[in-house]
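Report on one structure; see the data block that follows.
The numbers here are math on the coordinates, done by the rules we state, and not lab data. Please read all numbers here as calculations on a predicted model, not as lab measurements. Neighbour counts are summed over all protein chains in view; Cβ atoms, including those assigned to glycine, are modelled from backbone coordinates with ideal geometry.
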Amino acid sequence: MPEISRFFGIVIKMFFDDHNPPHFHAEYSGDVALIDIRNLSVFSGHLPPRVRGFVIEWATIHQQELFQNWERAQRLQELLEIDPLS
């Protein structure tokens, strides 16, 4: 699963040809959550509240890029790196 961003110890990844809904995986210190790109909500897994806040803030800023990477992943194309939260 390609890593598309990393910030504050959080790793953001996306699988190729993954199941719907369009989503990405956020990992932090052994916790993993799947976040729906359409409404930026966690639909599986868990992250600590502060980490979840950082991830949602980042995803809000980069939502269009996430959709573009989702489309690329469905076509098995190389995913583009997305700037970290700073």
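Below are the figures for this structure:
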item	result
Verdict on S5 being under 14 Å from D83 (Cβ atoms) and assigned to a strand (DSSP E or B)	yes
Candidate set: the stretch 27-49, residues that are among the aliphatic types (A, V, I, L, M) and part of a loop (DSSP other than H, G, I, E, B); chosen: the one nearest to Q63 (Cα to Cα)	I37
Checklist (1) in a loop (DSSP other than H, G, I, E, B); (2) buried (at least 16 other Cβ atoms within 10 Å of the Cβ); (3) under 12 Å from the mean Cα position of the chain (by Cα) applied to E81, failing item	(2)
Within the stretch 4-41, considering residues that are acidic (D, E) and free of Cβ contacts under 8 Å to residues at least 24 places away in the same chain, the one nearest to W70 (Cα to Cα)	D36
Every residue from the stretch 34-53 that is closer than 16 Å to E3 by Cβ and buried (at least 19 other Cβ atoms within 10 Å of the Cβ)	I35
Residue that is farther than 24 Å from S86 by Cβ and surrounded by 13 or more Cβ atoms within 10 Å (Cβ to Cβ), where the choices are D18, D31	D18
